[in-house]
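Colleague: First, the structure itself, so that you have it in front of you.
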Amino acid sequence: MKKTLAILLAAILMLGCMSFASAEAKTYKVGVSIYQYTDNFMTLYRNEIEAYFKSLETDDVKYEITMADGKNDMAEQTNQVRNFITQGMDVIILNLVQTSSADAVIDEIVDAGIPLVLINREPLAYDADGNTIDEAYEGILNNDKVCYVGADARQSGTFQGQMVVDLENHGDINGDGKVSYIMIEGDPENIDAQYRTEFSVKALTDAGIEVECLDDQVGNWDQTKGQELCANALSKYGEKIEVVFCNNDAMALGAATAITAADRKVGEDIYLLGVDALEEAVQLVKDGEMTGTVLNDHIGQSHKAVDVAVMLLNGEAIENYYWVDYVMVNKAYVDAQ
Ligand code: BGC
């Protein structure tokens with residue numbers, strides 16, 4: 001009797017321990033720093049990072065996410081990264097303020113033994129003289145726990161230009177044999193801005209179309225700035241402007257306001273192109289108030305970034321680069337959705 005009781009007691013104890021073990025979830029600490037919260041596109045992106053992490057939680061695995069706003073200030077962001085290191089983050093997801101600081105930041109994180117997923121702002125490779133080159137970044141390639149998740153900005157630029165090439169008049173509204181355009185650029189240090197500026201125009205010249213650049217200004221990805229720059233250009237060059245290329249939709253939304261205010265009509269006497277496919281921009285494409293935009297897939301990119309972060313947390317091997325495709329969004333595409 002005593003023996004049976006002892007066995008029963010032991011069994012109860014063991015069961016108790018087992019259920020206690022399974023009730024205790026493993027919580028991973030994730031540090032995320034975004035270059036600037038006020039950025040329209042990065043707001044969608046960061047919200048999706050959080051939502052997707054939450055969707056992956058189980059009874060056994062939880063993710064404690066600490067989000068930080070880099071406030072477009074590299075010194076501020078470096079402090080955030082140092083705090084992440086002190087707080088013992090298990091993985092860091094980083095949208096750099098300045099890609100030129102990538103080396104320094106990557107070194108600190110790697111030295112602390114924390115895996116790192118860089119997103120959205122691709123660090124530029126450079127040669128011995130410090131000039132940028134079209135190659136993968138050594139600080140990423142040389143580290144098996146560091147990667148970059150993004151989209152190839154050349155593709156987005158090419159799609160913008162292609163949408164103009166595809167127009168019946170190929171963008172030459174006044175029939176003078178050339179396409180006269182203005183370019184509204186994002187932050188010039190950002191490869192997205194550089195490539196979109198270059199490849200949108202290249203799509204036209206590759207198609208044998210002559211181009212004339214009337215104006216090329218920096219709008220820093222910002223809607224208000226985009227509106228201001230477009231309004232200035234419209235009052236300076238008037239009817240001469242046939243195409244307005246904006247490196248992103250935020251600036252294109254601003255440009256759309258300026259175009260309406262100047263009594264111009266997209267699709268009739270001017271064309272307007274953006275990138276991102278923000279909801280408001282897609283609506284303008286649908287309404288004929290924007291010629292087109294390009295889907296910068298924040299869902300695909302954020303999910304890939306989180307999936308890779310989870311692989312790193314599980315100690316799995318990763319690749320150094322992950323690319324998500326852009327999609328051309330013109331009226332035909334929107335109407336077919
Ligand atoms: C987006 C922009 C955004 C920028 C931030 C780009 O890929 O198209 O809208 O401002 O990333 O780095």
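Colleague: Kindly write out, for the stretch 24-30 in residue order, the coupling ³J(HN,Hα) from the Karplus curve 6.51 cos²θ - 1.76 cosθ + 1.60 (θ = phi - 60°), rounded to whole Hz, with x marking Gly and Pro.
Modeller: Taking θ as phi minus 60°, the curve returns 8, 7, 7, 10, 9, 9, 10 Hz for the stretch 24-30.
Colleague: Mind pulling the angle between the C-alpha long axis of helix 2-23 and the longest principal axis of the chain? Nearest 10 degrees, somewhere in 0 to 90.
Modeller: Relative to the chain, helix 2-23 is tipped by roughly 10 degrees.
Colleague: If you plug each phi of the stretch 187-198 into the Karplus form 6.51 cos²θ - 1.76 cosθ + 1.60 with θ = phi - 60°, what whole-Hz ³J(HN,Hα) values come out, in order, with x for Gly and Pro?
Modeller: Each residue of the stretch 187-198 in turn: 4, x, 6, 7, 4, 4, 5, 4, 5, 5, 4, 6 Hz.
Colleague: Given the -39500 (n - 2.57) contribution per DSSP H run of 4+ residues, what per-residue ellipticity at 222 nm results for the chain, rounded to the nearest 500 deg cm²/dmol?
Modeller: Dividing the helical sum by the residues of the chain leaves -14500 deg cm²/dmol.
Colleague: Sort the stretch 154-295 into rounded, prolate or oblate with this rule: let a ≥ b ≥ c be the square roots of the eigenvalues of the Cα gyration tensor; rounded if a/c is under 1.5, and if a/c is not under 1.5, prolate when a/b is larger than b/c, oblate otherwise.
Modeller: rounded
Colleague: Pull up all non-local amide H partners of Gly219: gap of 5 or more, or a different chain, and H-to-H distance under 5 Å with H placed in the peptide plane.
Modeller: Under 5 Å from the amide H of Gly219: Glu185, Gly186.
Colleague: Hey, got the dipole for the chain? About the Cα centre, +1 on K and R Cβ, -1 on D and E Cβ, debye to the nearest 20?
Modeller: 1600
Colleague: Dipole of the chain (Lys/Arg Cβ +1, Asp/Glu Cβ -1, origin at the Cα centre): which of Gly150, His170, Ala261 lies farthest to the positive side?
Modeller: Result: Gly150, furthest along the dipole toward the positive end.
Colleague: Amide H neighbours of Lys62 under 5 Å, at least 5 residues apart or on other chains, H built in the peptide plane: list them.
Modeller: Residues meeting the criterion, in which the H sits 1.01 Å from N, are Lys26, Thr27, Tyr28.
Colleague: Choose one of Thr132, Pro188, Ile109: the residue whose Cα lies farthest towards the positive end of the charge dipole of the chain (beta-carbon charges +1 Lys, Arg; -1 Asp, Glu; about the Cα centre).
Modeller: Ile109
Colleague: Express the carbon and sulfur contribution to the solvent-accessible surface of the chain as a percent, rounded to the nearest whole number, probe 1.4 angstrom.
Modeller: The C+S portion of the solvent-accessible surface of the chain is 51 percent.
Colleague: If amide H atoms are built 1.01 Å from N in the plane of the peptide, which residues on other chains or at least 5 residues away come under 5 Å of the amide H of Tyr271?
Modeller: Val243, Val244
Colleague: Leaving out ligands and nucleic acids, and using a 1.4 Å probe, what accessible area per residue does the chain come to in Å²?
Modeller: 47
Colleague: Need the C-alpha centroid separation for the stretch 96-164 versus the stretch 250-296, integer Å.
Modeller: One Cα centre to the other: 30 Å.
The values are calculated or read from the model by the stated rules, or taken from the named source; none is laboratory data. Just so we're clear, the structure is a prediction, and the values are computed from it rather than from any experiment. Every residue, glycine among them, receives a Cβ derived from its backbone with ideal geometry; neighbour counts consider all protein chains shown. Just the protein is used for accessible areas: all its heavy atoms, side chains included, with ligands, DNA and RNA removed. Shrake-Rupley method; radii C 1.70, N 1.55, O 1.52, S 1.80 Å.
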